[in-house]
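**Student:** This is the structure I have questions about; it appears just below.
What follows draws every value from the coordinates through simple rules; no lab data is involved. Since the structure is predicted, the reported quantities are computational estimates derived from the model, not experimental observations. As a convention, Cβ positions derive from the backbone with ideal geometry for all residues, glycine included, and neighbour counts pool all protein chains shown.
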Amino acid sequence: MIILGFYQSHDACAALYDDYRCIASVALERATRIKTDGYRFPAEAVAECLAQAGLNAGAIEAVAYPRMRYPAADVLRSALPFGGLLPVRKVDPIAPLRAGKVQTLADVVDTDAFAARHGWPASAKAYFYNHHRAHALSVLAHMPADDVLLYTSDGGGDDIFYSARVLKDGKLTDLFGGEADTLARRVPQRPGDSLGKLYAYVTEALGFRSLRHEGKVLGLAAYGKPVHADRLTGLYAVSDDGQIHCALPRWRIRMLVNSLAKKTSREDMAASVQQTLETVTLAALAKMLARHPVRHLGLSGGVFANVKLTQRIAERFDLDEIFVYPAMSDQGEADGGVLEFLLERDGLDTWLKHRERLATVYRGRDYSADVEAVFGSGAVKRPVGNAVEEAADLIVAGETVGTYLGRMEYGPRALGARSIMASAVDRTINDWLNKRLDRTDFMPFAPVVLAERAKDLFDLPDELAYTANFMTVTCNVKPEWRERIPACVHVDGTARPQLIHRAQNPVYYDVIAAYERRTGIPAVINTSFNVHEEPIINKPEEALRALREKRVDHLLSETAIWSLA
């Protein structure tokens with residue numbers, strides 16, 4: 001069965017599956033080149049997915065719809081306020097469901113008209129997925145363990161800000177934040193409870209853009225002192241079951257944050273919110289794990305883009321594995337929606353049997369057939385016999401190499417397919433390469449390291465090795481390596497490594513291995529292949545433009561090195 005999932009808020013995205021096999025997953029921003037593009041149907045992302053499958057929309061047999069506000073044109077007239085007599089822009093489909101006015105969201109959203117507008121058959125099954133359940137199932141689908149606590153935390157979805165579920169003895173049980181909470185006449189969670197919103201308010205108060213620059217706040221935090229952490233932490237209480245509640249409504253939290261930020265350095269304000277996030281989240285997890293002792297923890301939702309938080313969780317709890325879904329933000333909702341549809345269709349026993357560990361997230365459209373012609377139109381193929389060895393030589397010489405290797409990554413991290421590689425031995429590179437990329441960043445570049453050598457360089461516990469394949473956690477750099485790879489080491493002595501196995505991306509791996517043979521260092525810089533305020537590149541034309549603009553010195557494809565004449 002061909003199943004389409006989509007999400008149409010910020011970080012809009014699409015995913016296409018053939019039953020349990022993911023064909024493609026694409027964020028809208030990668031197709032439109034507009035950072036965090038969304039708040040509409042992700043038509044361009046859907047087109048990328050269908051093109052990868054070699055299908056048109058007529059082949060779609062089921063659609064996983066998000067439950068969010070829909071334009072009035074997509075809502076049945078009978079479900080519009082006062083029968084459509086009043087003009088409205090968008091309608092919340094959950095409100096009438098919660099009020100008992102309808103039995104299903106199909107009584108609110110006009111799925112036939114929606115299908116006609118976007119080209120799939122009206123006979124395609126329509127399924128409306130739960131926001132936090134989708135986050136949770138995305139993680140569980142790639143954790144084939146028998147005892148798992150699933151915890152999600154974000155800025156909100158389906159009127160919920162946190163959820164917890166536990167898989168044990170073959171049963172998946174909602175602890176809180178499930179469908180019952182979403183549909184309760186009085187929703188038990190409030191926007192003020194959300195640590196994700198708190199972090200967003202601080203991001204804005206420091207002059208950055210929320211939903212985009214929270215990583216800058218994290219980077220700044222290491223330079224400051226948490227002077228307001230006690231005051232902020234004191235706003236939150238954790239109940240015995242691990243739920244987080246705040247005594248203030250969100251507007252008062254925002255006012256407090258703005259007031260504190262005006263009289264505090266950016267570094268100290270960032271350190272304060274970071275410590276609050278860590279303290280309260282750890283307190284919540286401690287109570288959940290005390291009630292539901294498990295050996296595996298799965299995390300998703302935008303809050304868990306915070307890589308330092310994941311490190312703190314690993315330091316605090318004795319677990320066998322901690323896994324953060326690589327598309328932890330709402331870019332992962334489309335996949336989660338499809339997985340939720342499959343769970344409802346097949347039942348838990350069958351669904352659990354299809355779980356498998358995630359090897360890669362190379363899920364974009366494959367443009368490999370176009371690379372030779374596109375790159376050849378504006379660059380020169382270097383006349384070398386071995387592109388891998390040549391790439392290593394260029395990196396040793398201090399040059400930057402942009403990778404264009406197969407399908408694009410899914411999620412916010414560049415993981416080798418669309419990366420910029422460079423030597424980590426030059427501590428000044430953070431200044432000059434960021435200038436070339438028009439970036440202002442307070443974090444060092446991340447390293448990619450040969451998986452078998454990771455423990456030589458980093459204090460990376462076994463429970464984080466899996467999630468570190470996807471650059472979703474920080475760890476301490478061993479003291480003897482901090483001076484050898486200074487461009488990758490933050491002021492607090494940590495780094496955010498990507499572990500790479502050869503089976504994941506042979507060319508990428510082989511370049512690093514060749515670099516190690518020359519230098520004795522099994523790691524290089526991996527930073528995303530994009531300039532400031534643009535998404536990571538998708539098409540070969542975008543890579544060629546970056547070369548022409550001298551953002552990078554060379555391009556590496558599967559078989560060749562490309563340079564300007």
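**Student:** Is one or more of the residues making up segment 27-40 in a helix (DSSP H, G or I), at negative phi and out of contact with any helix residue (DSSP H, G or I) (no Cβ under 8 Å at 6 or more places or on another chain)?
**Tutor:** The answer is yes, given that some residue of segment 27-40 is in a helix (DSSP H, G or I), at negative phi and out of contact with any helix residue (DSSP H, G or I) (no Cβ under 8 Å at 6 or more places or on another chain).
**Student:** Just to be sure I understand, how many residues within segment 193-227 are farther than 22 Å from THR440 by Cβ and among the aliphatic types (A, V, I, L, M)?
**Tutor:** The number of residues fulfilling the criteria is 3.
**Student:** Please state which one of ARG209, ARG133 is closer than 19 Å to HIS10 by Cα, surrounded by 19 or more Cβ atoms within 10 Å (Cβ to Cβ) and among the charged types (D, E, K, R).
**Tutor:** ARG133
**Student:** Which of the strands (runs of 3 or more DSSP E) contained wholly in segment 522-565 include at least 2 residues that are touching a Cys at 6+ places or on another chain (Cβ under 9 Å) and either aliphatic (A, V, I, L, M) or free of Cβ contacts under 8 Å to residues at least 40 places away in the same chain (or both)?
**Tutor:** 523-528
**Student:** Starting from segment 135-159, keep only residues that are touching a residue at least 24 places away in the same chain (Cβ under 8 Å), then list their pairs with residues that are assigned to a strand (DSSP E or B) and hydroxyl-bearing (Ser, Thr, Tyr) whose Cβ atoms are within a distance under 6 Å, requiring at least 6 positions of separation or different chains.
**Tutor:** Close Cβ pairs (under 6 Å, with a partner that is assigned to a strand (DSSP E or B) and hydroxyl-bearing (Ser, Thr, Tyr)) amount to HIS135/THR152; HIS135/SER300; ALA136/THR152; SER138/SER300; VAL139/SER300; THR152/SER163; THR152/SER300; SER153/TYR162.
**Student:** Sticking with this structure for a sec: Which number in (1) over 24 Å from ALA12 (Cα atoms); (2) in contact with a helix residue (DSSP H, G or I) (Cβ under 8 Å, 6 or more places away or on another chain); (3) not in a loop (DSSP other than H, G, I, E, B) marks the one condition that LEU352 misses?
**Tutor:** Condition not satisfied by LEU352: (2).
Residues are listed down the side, and each one gets a yes or a no for (1) within 15 Å of ALA495 (Cβ to Cβ); (2) part of a helix (DSSP H, G or I):
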| site | (1), (2) |
| --- | --- |
| ALA373 | no, yes |
| GLU389 | no, yes |
| ARG413 | yes, no |
| MET421 | no, no |
| THR440 | no, no |
| VAL449 | yes, no |
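**Student:** Now for a separate question. Can you name the residue in segment 171-205 that is among the acidic types (Asp, Glu) and within 24 Å of ARG291 (Cα to Cα) and, of all such residues, is surrounded by the most Cβ atoms within 10 Å (Cβ to Cβ)?
**Tutor:** ASP193
**Student:** Which residues, taken from segment 475-494, are buried (at least 19 other Cβ atoms within 10 Å of the Cβ) and of a type in the set (A, V, I, L, M, F, W, C)?
**Tutor:** CYS475, VAL477, TRP481, ILE485, ALA487, CYS488, VAL489 - these are the residues of segment 475-494 that are buried (at least 19 other Cβ atoms within 10 Å of the Cβ) and of a type in the set (A, V, I, L, M, F, W, C).
**Student:** If we scan segment 59-67, do we find a residue that is in a loop (DSSP other than H, G, I, E, B) and over 30 Å from ALA200 (Cα atoms)?
**Tutor:** yes
**Student:** Taking segment 286-309, which residues are in contact with a strand residue (DSSP E or B) (Cβ under 8 Å, 6 or more places away or on another chain), closer than 17 Å to THR233 by Cα and crowded, with 20+ Cβ neighbours inside 10 Å?
**Tutor:** Passing the criteria: only VAL303.
**Student:** Please specify each residue of segment 253-268 satisfying the condition of being closer than 11 Å to TYR201 by Cα and crowded, with 20+ Cβ neighbours inside 10 Å.
**Tutor:** ILE253, VAL257, ALA261
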